[in-house]
Amino acid sequence: DMQRLISPAAYAFGIWGAIYFLIGIFLVYQALPNDMVANRNDNLVYENGIGYNLSISMVCGTLWYLGYSIDTAWGHVFALVAIVGMLVTAAIMMVTSLNYTTNVIELVSMRVGFSLYAGWLTAATILQTTTVLQAFGVSDATLPWGLTEEIVTIMVAWIAFVVYEVGAYT
């Protein structure tokens with residue numbers, strides 16, 4: 001098992017409880033009959049809004065876990081492809097939720113839920129990319145221009161910060 005210079009603290013995974021709770025609220029909410037929901041935006045319900053993106057994202061999540069669990073270089077490449085699929089579908093769902101007027105339940109469950117989901121996946125994709133690089137032997141000995149793993153780690157952290165700022169701004 002390789003030593004990773006960047007990895008989230010164990011408590012950081014607690015965010016998944018909130019993410020799945022909020023997405024679960026949305027799933028139940030959008031499945032309710034129209035007469036039980038006031039001011040629902042039909043552009044956001046499953047068949048009109050998020051479409052198959054949530055299902056694809058959940059399948060990709062399972063595939064990510066399988067690839068990551070294998071803990072080989074090609075397993076990590078497989079996991080990277082899967083997490084990119086999760087990130088793309090999460091971003092589509094988040095943008096969909098931002099393009100329409102929402103009621104309070106849609107705002108909390110969809111906008112907040114999918115924003116947290118996409119945010120976490122952005123960071124996780126960066127981490128998975130660094131894991132792939134390490135798995136294929138990128139280390140202090142193989143880095144060009146006198147770079148060290150610590151310098152690359154700091155650069156990755158700055159890239160993550162810039163991605164976050166651009167996302168927050170847009």
* Select from VAL152, VAL132, VAL77 the residue whose mean-square fluctuation is largest in a Gaussian network model of the chain (Cα-Cα springs shorter than 10 Å). => VAL152
* With N residues in the stretch 77-157, what two-decimal value do you get for its Cα radius of gyration over 2.2 N^0.38 Å? -> 1.46
* **Gain in span if fully extended, VAL28 to THR142, counting 0.36 nm per residue against the direct Cα distance** => 36.0 nm
* Asked: When the chain is modelled as a GNM with alpha-carbon springs shorter than 10 Å, which of MET86, MET155, MET110 fluctuates the most?
  -> MET155
* What ranking of TRP74, TRP16, TRP158, TRP145 comes out by heavy-atom accessible area, probe 1.4 Å, highest first? -> TRP145, TRP74, TRP158, TRP16
* Using Cα pairs closer than 8 Å and at least 6 residues apart in sequence, work out the relative contact order for the chain, in percent. => 26 percent
* Ranked from the most accessible area to the least, with a 1.4 Å probe and all protein chains present, what is the order of THR131, THR102? -> THR102, THR131
* Rounded to whole Hz, the Karplus (6.51, -1.76, 1.60) HN-Hα couplings of the stretch 68-76, x for glycine and proline -> 5, 5, 5, 6, 10, 4, 6, x, 6
* To do: Could you tell me what percent of the accessible area of the chain is made up of carbon and sulfur, with a 1.4 Å probe and every protein chain present?
  => 70 percent
* To do: Using only Cα atoms, tell me the angle between helix 15-31 and the longest principal axis of the chain; keep it within 0 to 90° and round to the nearest 10.
  => 30 degrees
* Structure fact -> Summing -39500 (n - 2.57) over every DSSP H run of at least 4 residues in the chain and dividing by its residue count gives a helix-only mean residue ellipticity at 222 nm, to the nearest 500 deg cm²/dmol, of -21500 deg cm²/dmol
* To do: Name the residue, out of ALA124, ALA31, ALA91, whose mean-square fluctuation peaks in a Gaussian network model built on the chain with Cα pairs under 10 Å.
  => ALA31
* Structure fact -> For the chain, longest principal axis from Cα atoms; helix 113-135 axis from its Cα atoms; angle between them, nearest 10 degrees, is 20 degrees
* In whole angstrom, how far apart do the alpha carbon centroids of the stretch 59-87 and the stretch 140-160 sit? -> 23 Å
* Calculated FRET efficiency for the pair PHE21/THR129, C-beta based, R₀ 22 Å, to 0.05 -> 0.20
* **Translational diffusion of the chain, µm² s⁻¹ [Kirkwood Rh, Cα pairs; Stokes-Einstein; 37 °C; 0.692 mPa s]** => 187 µm²/s
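The values are calculated or read from the model by the stated rules, or taken from the named source; none is laboratory data. Owing to the predicted nature of the structure, the values given are computational and were not obtained by experimental measurement. Counting neighbours? That spans all protein chains shown, and the Cβs are built from the backbone with ideal geometry, glycine included. Please note that ligands, DNA and RNA were not included when accessible areas were found on the heavy atoms of the full protein model with its side chains. Shrake-Rupley method; radii C 1.70, N 1.55, O 1.52, S 1.80 Å.
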